[in-house]
Amino acid sequence: MADHDSHDKIYSRVFVALCVFTVLSAIADLFKEATPAVVGVVVLAIAVAKATCVMLFFMHLKWERGWKYVLLAPTTILAIGLPIALMPDIGWSYYHRVPTETMIEAGHHGDSDGADDDGNP
Amino acid sequence: MSHSSHPTAAPPLQMGLKLANSKLCLWLFLGTEIMFFSALIGTYIVVRLSAVDTEGNGVWPSNEITHIVTIAGAINTFVLIASSWLVVKAHEEIGRGQFREGLRDLLLVFACAVLFLGIKGYEYQGKWVRDILPGRISETQLQAVEKAVRQIGTVAALDDDALGGAPAKKILVAEHAQLENLLRQEKLTLEAMEARVVTLAHNKEFGGQIESHVMMATIYHDRTRDDSGHLVPLDKEHHAAYYIPYGNLFASSYFTITGFHAIHVIVGMIIFFFPLKKGLIGGGLEEADAQYVENAGLYWHFVDLVWIFLFPLIYIVQF
């Protein structure tokens, strides 16, 4: 019975921690205009912390045996490898890009928005 | 000659891992699910980074333009977290024979899933009314004018009564034909074309139809131009931009990722339906059901896990 009670307490604490993390993410959102890069890193770090809590406690991985490594390591490696493999060609560009119509319009769109905000043509 | 006298080359069979077969199968299934969603999310990150202007600056459409409501995402995050907590509670309670409490918590999990889909539906509806859908978003000024002319054609095809009588319809049909010609022959600037579209919304007979069917008129009618010659948005609440560069890439990514996640929520509801049915009208839960609830919970936690990453990536991060 004592073991059950301690599990219940752990689950409740994890739930509270996850709620606090979610509130922190929502608060960080208020500052994304000023410091988008910092907020991006902070909210993703919070997401990793939340995911860790869910996997360790709610999914019981903290108490499972060694099979969890055999099962999860390959998928995790492949999951991380996929975006890294795609990134050089699509995400980053080594050569100068050939401007597409959308890219040109995106540039104009941004310019006109800025001009409107300042009230200057 | 007995078989036992020959040493066999095959390794001796042995018992499996010390966990239930159903749980092992579920974890193997989750392995494939991890691959599926990490492919979706990883590709989303990469295409999002690839959305740049000619200077190489990131120009992914902002939340205001695409009607992304951060508070709705935050509430949904809380709903899924609460449901995850309720599942582990239900599992513990059923395992120790507290079936009434376990059933109550499973019902609450089901309610959380319904609430999540309701909020998601509200968000989808916001996209639907603004035509923020894959393949339908104008990404350039020319596309926006083409779309407006096409939508005027739809209005011109309505009955006489809907357009305020035959004479009014005749005027609109003629105007549509003329706009099509002007667009094809490139005789007018796009700004001049916009002005003609917006003017149609002022017509006493069919102006209302134009306003409700032609996105450009809906957003811009009845407003003057600013100093730089751009039409000023009619309604800040609409938040919709005149045209959205990379809008279709956004819409495809958004609906694919959140759509597949929503399907997983629906599947979760089906999974939870069976113990609920048994508990409510099927003779009641028993301790043997704890294993089923644990497996169902593992699946549900994974659905929660995916949303934990989708919330910051779709609603908050701007890179």
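Which of B:Met215, B:Met35, B:Met269 moves the most in a Gaussian network model of chain B with Cα springs under 10 Å?
Of B:Met215, B:Met35, B:Met269, the Gaussian network model singles out B:Met35 as fluctuating most.
How large is ³J(HN,Hα) for each residue in region A:52-62, as worked out from phi by the Karplus curve 6.51 cos²θ - 1.76 cosθ + 1.60 (θ = phi - 60°), to whole Hz, x for Gly and Pro?
4, 4, 4, 5, 5, 9, 5, 8, 6, 5, 4
Please work out how much accessible surface B:Leu313 shows to a 1.4 Å probe, ignoring ligands, DNA and RNA, in Å² rounded to 10.
10 Å²
Nearest 100 Å² is fine: how much accessible area is buried between A and B, summed over both sides, with a 1.4 Å probe? Before the final figure, lay out the partial values.
Numbers: alone 10120 and 17680 Å², together 22580 Å².
Buried area between the two chains comes out at roughly 5200 Å².
Counting only residues 5 or more places away or on other chains, whose amide H sits under 5 Å from the amide H of B:Thr54 once H atoms are built in the peptide plane?
Under 5 Å from the amide H of B:Thr54: A:Gly107.
Please compute the length gained on full extension between B:Glu205 and B:Ala174, using 0.36 nm multiplied by the number of residues separating them and subtracting their Cα-Cα distance.
Details: separation 31, 0.36 × 31 = 11.16 nm, distance 1.49 nm.
Length difference between fully extended and current span is 9.7 nm.
Compute the Rg to Rh ratio over region A:1-64 from the alpha carbon atoms, using the Kirkwood formula for Rh, and round to two decimal places. Don't skip to the answer; put the middle values down first.
Numbers: Rg = 14.9 Å, Rh = 13.0 Å.
Using Cα coordinates only, the ratio equals 1.14.
Please compute the alpha carbon radius of gyration of the protein assembly as shown, then divide it by the globular-protein estimate 2.2 N^0.38 Å. Two decimals is fine. Mind dumping the intermediate values first?
Values: Rg = 28.0 Å, N = 440, 2.2 N^0.38 = 22.2 Å.
The protein assembly as shown yields a ratio of 1.26.
Taking chain B as a Gaussian network, where each spring joins two C-alpha atoms under 10 Å apart, which residue of B:Trp307, B:Trp85, B:Trp60 fluctuates the most?
B:Trp85
Considering the alpha-carbon set of chain B alone, what are its Rg and its Dmax in angstrom?
Values for chain B (Cα only, Rg and Dmax): 28.3, 105 Å.
Tell me the label-point distance for the pair B:Val267, B:Asn57, using the 7 Å Cα-to-Cβ offset, in nm and rounded to one decimal.
Here the modelled spin labels are 4.2 nm apart.
Ranked by accessible surface with a 1.4 Å probe, highest first, in what order do A:Val42, B:Val265 come? Kindly include the intermediate steps, with their values, before the conclusion.
Details: A:Val42 65, B:Val265 0 Å².
Greatest to least solvent exposure: A:Val42, B:Val265.
Could you give the distance between the Cα centres of region A:44-105 and region B:253-317, to the whole Å?
22 Å
Using only alpha carbon positions, build the gyration tensor of region B:44-148, then give the equivalent ellipsoid semi-axes as the square roots of 5 times its eigenvalues, largest first, whole angstrom. Walk me through the numbers before you get to the answer.
Working: eigenvalues 368, 53, 17 Å².
Value: 43, 16, 9 Å, ordered largest first.
Treating the angle as unsigned and between 0 and 90°, give the value, to the nearest 10°, between the Cα long axis of helix B:247-281 and the longest Cα principal axis of chain B.
40 degrees
Which whole-Hz ³J(HN,Hα) couplings does region B:158-167 yield from phi under the Karplus relation 6.51 cos²θ - 1.76 cosθ + 1.60, θ = phi - 60°, glycine and proline marked x?
Couplings: 6, 5, 3, 4, 5, 9, x, x, 5, x Hz.
B:Lys23 to B:Arg136: FRET efficiency via 1/(1 + (r/R0)^6), r the Cβ-Cβ distance, R0 51 Å, to the nearest 0.05?
Numbers: r = 44 Å, r/R0 = 0.87.
With R0 = 51 Å, the Cβ-Cβ based efficiency is 0.70.
Could you report the protein assembly as shown's accessible area per residue, 1.4 Å probe, as an integer in Å²? Could you put the intermediate results ahead of the total?
Details: 22580 Å² over 440 residues.
It amounts to 51 Å² per residue over the protein assembly as shown.
Between A:Asp8 and A:Trp67, what is the spin-label point distance in nm, taking each point 7 Å from the Cα along the Cα→C-beta axis?
Placing both labels 7 Å along Cα→Cβ, they lie 2.9 nm apart.
The values are calculated or read from the model by the stated rules, or taken from the named source; none is laboratory data. The structure presented is a predicted model; accordingly, all values stated were derived computationally and were not measured. All Cβ positions, glycine included, derive from the backbone under ideal geometry; neighbour counts span all protein chains shown. Areas reflect the complete protein model, heavy atoms only, side chains present, ligands, DNA and RNA absent. Shrake-Rupley method; radii C 1.70, N 1.55, O 1.52, S 1.80 Å.
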